[in-house]
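The values are calculated or read from the model by the stated rules, or taken from the named source; none is laboratory data. Model, not experiment: these values are computed from the prediction. Counting neighbours? That spans all protein chains shown, and the Cβs are built from the backbone with ideal geometry, glycine included.
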Amino acid sequence: MSETIFRQAVSAILGNENIYFYWKGRIALYALLKAMKIEKGDEVILPGYTCVVVPNAIKYLGAKPIYIDVEKTTMNPSIDHFFRAITPKTKAIITQNTFGLSTQVDEIAEMAKEKNIYSIEDCTHGFGGTFKGKPNGSYCDAAFFSTQWNKPFSTGIGGFATVNNVELLPELKKVNQSLVQPTIKDSMILSALLFARDNVLSPSNYWQLRSIYRWLSKNNLVIGSSEGKELNSVEIPKDYFKIMGNVQYKKGVKNISGIYQLLEKRKKNAELYTEFLSKEKKYHVEKELHKNHSFLKYPILVKERGVFENRAINAKIDLGDWFCTPLYPVEKNFKLWDLNLSDIPVANILSKQIVNLPADTEKPLKIIEFLKDNINEII
Ligand SMILES: Cc1ncc(COP(=O)(O)O)c(C=O)c1O
């Protein structure tokens, strides 16, 4: 029942009826790649500025991730980056709406089609946003979304795939036959975490609980975003290929209804940040990019991240560190994922300088005051 209502709600926003739900967004990507018959010997092009679980899905199938650099202004690759990386072995490309911003998705999808290559849009940051007036996820052969804790709306953890190229559907349905159900333990832990987030978390205990949660999830003691094995190996974890469960469908039905209000708030806050930072002649998301941006996060660049973050904690400003490494959150052994840092010089520098401002805050002026007080630290 909840599944049907959730499906209808997602479908109404995306204008697409081909929706498939999974335990996490990364599993949706894995399913799509499998439906595209990606296998050993194939190459898949992706931004060298992403979450490590994206190349993991490629590696689990024995294929090779080919990383391309990004542009400083958009934090996304341009169509030329994709074009230059195509070889006879390229089977698919993955574009991404980094922090909610889509770049040249229409042209990238068109180019892939001309070259007989599959295209996938990583919309994990961009649900609810648009590119040239169409919902994110509309242009490529398929797209995948995340509903993990800090995503546009949350089911705790979770994700889904949408398919535009209907020729993929028979194979995807076949692939999905081997999905496993979440265990009772999975569902109980997730329910407990969701309960804690909705009922226990308050402004007075937020900072304490945040550090406890981070410690527990780093040590694999709760369902965090990633389990240890995903961060230090390229072997597929046991029972990885899991479908979404009832706890998530129910949460999805509840939380998706607030998506447009949230989007509006994020966009308004982002406008304030851009106005302030551009006046100060600091790095900012340029005004003309705002219309294709859903601002899950607002990226800025700083000289000394450690110093800046400590000052933020003291001022009780909740900064994000998303993409503080090219394969977030992995900090070393990039070779394991076939990443050569010299192939992605811009992404490498950005990863050293980035912090993210909260876009969904009720108090944007407090953030701007903090930026003013620390203006010399900002690039
Ligand atoms: C760019 C990107 N792609 C994919 C994912 C994976 O999403 P999920 O955590 O739902 O598997 C993330 C996670 O944050 C991400 O940032």
Contact list please: Cβ distance under 7 Å, first residue in the range 97-126 and over 16 Å from E167 (Cα atoms) and in a helix (DSSP H, G or I), second residue among the aromatic types (F, W, Y) and within 11 Å of the ligand (Cβ to nearest atom), pairs at least six apart or on different chains. T98/Y49
If I ask for residues that are surrounded by 12 or more Cβ atoms within 10 Å (Cβ to Cβ) and of a type in the set (A, V, I, L, M), which ones from the range 181-192 would you list? M188, I189, L190, A192
Might you let me know whether the range 319-335 holds any residue that is touching a Lys or Arg at 6+ places or on another chain (Cβ under 9 Å), more than 16 Å from the ligand (Cβ to nearest atom), touching a residue at least 12 places away in the same chain (Cβ under 8 Å) and assigned by TED's automatic domain parsing to the domain that holds E369? no
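Looking only at the range 28-51, count how many residues are near the ligand (Cβ under 9 Å from one of its atoms) and either out of contact with any Lys or Arg (no Cβ under 9 Å at 6 or more places or on another chain) or assigned to a helix (DSSP H, G or I) (or both). Outline the logic, then answer.
Just the residues of the range 28-51 that are near the ligand (Cβ under 9 Å from one of its atoms), to begin with: 28-29, 47, 49-51.
Imposing the further condition that a residue be either out of contact with any Lys or Arg (no Cβ under 9 Å at 6 or more places or on another chain) or assigned to a helix (DSSP H, G or I) (or both) reduces the set to 28-29, 47, 49-50.
Result for the range 28-51: 5.
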If I ask for residues that are among the charged types (D, E, K, R) and either within 23 Å of D198 (Cα to Cα) or surrounded by fewer than 24 Cβ atoms within 10 Å (Cβ to Cβ) (or both), which ones from the range 115-160 would you list? K115, K132, K134, D141, K151
Out of everything in the range 158-190 that is part of a helix (DSSP H, G or I) and touching a helix residue (DSSP H, G or I) at 6+ places or on another chain (Cβ under 6 Å), what residue ends up being farthest from the ligand (Cβ to nearest atom)? E171
Determine whether G62 is surrounded by fewer than 24 Cβ atoms within 10 Å (Cβ to Cβ) and at pLDDT 95 or above. yes
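Every residue, every condition in (1) touching a strand residue (DSSP E or B) at 6+ places or on another chain (Cβ under 7 Å); (2) assigned by TED's automatic domain parsing to the domain that holds P299; (3) over 15 Å from N136 (Cβ atoms); (4) surrounded by 15 or more Cβ atoms within 10 Å (Cβ to Cβ), yes or no:
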{"residue": "N76", "(1), (2), (3), (4)": "yes, no, no, yes"}
{"residue": "A85", "(1), (2), (3), (4)": "yes, no, yes, yes"}
{"residue": "V105", "(1), (2), (3), (4)": "yes, no, no, yes"}
{"residue": "M111", "(1), (2), (3), (4)": "no, no, yes, yes"}
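Out of P55, P65, I need the residue that is under 28 Å from W149 (Cβ atoms) and either in a strand (DSSP E or B) or aliphatic (A, V, I, L, M) (or both). Which one?
On the way: P55 fails: either in a strand (DSSP E or B) or aliphatic (A, V, I, L, M) (or both).
It is P65.
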Test: R26 is among the basic types (K, R), touching a residue at least 12 places away in the same chain (Cβ under 8 Å) and under 22 Å from V180 (Cβ atoms): yes
Could you run through the range 286-327 and say how many residues are more than 23 Å from S154 (Cβ to Cβ) and in contact with a His (Cβ under 9 Å, 6 or more places away or on another chain)? 1
Subset of the range 345-379, residues assigned to a helix (DSSP H, G or I), aliphatic (A, V, I, L, M) and under 16 Å from I313 (Cα atoms), comes to I367, I368, L371
Pairs, first assigned to a helix (DSSP H, G or I) in the range 269-291, second β-branched (V, I, T), C-beta under 6 Å, six or more apart: T274/V285; F276/I368
Condition check for G137: within 16 Å of the ligand (Cβ to nearest atom), over 13 Å from I27 (Cβ atoms), in the same structural domain as K115 (by TED's automatic domain parsing) and modelled with pLDDT of 95 or more: yes
Please find, among K64, K40, K34, the residue that is of a type in the set (K, R), out of contact with any helix residue (DSSP H, G or I) (no Cβ under 7 Å at 6 or more places or on another chain) and in contact (Cβ under 8 Å) with a residue 24 or more places away in the chain. K64
Being surrounded by 15 or more Cβ atoms within 10 Å (Cβ to Cβ) and farther than 29 Å from E3 by Cβ narrows E235, E271 down to just E271
Between K265, K279, which is modelled with pLDDT of 95 or more, crowded, with 16+ Cβ neighbours inside 10 Å, not aromatic (F, W, Y) and not assigned by TED's automatic domain parsing to the domain that holds G48? K265
Would you mind telling me which numbered condition in (1) on the phi < 0 side of the Ramachandran plot; (2) of a type in the set (F, W, Y); (3) buried (at least 19 other Cβ atoms within 10 Å of the Cβ) F99 fails? (1)
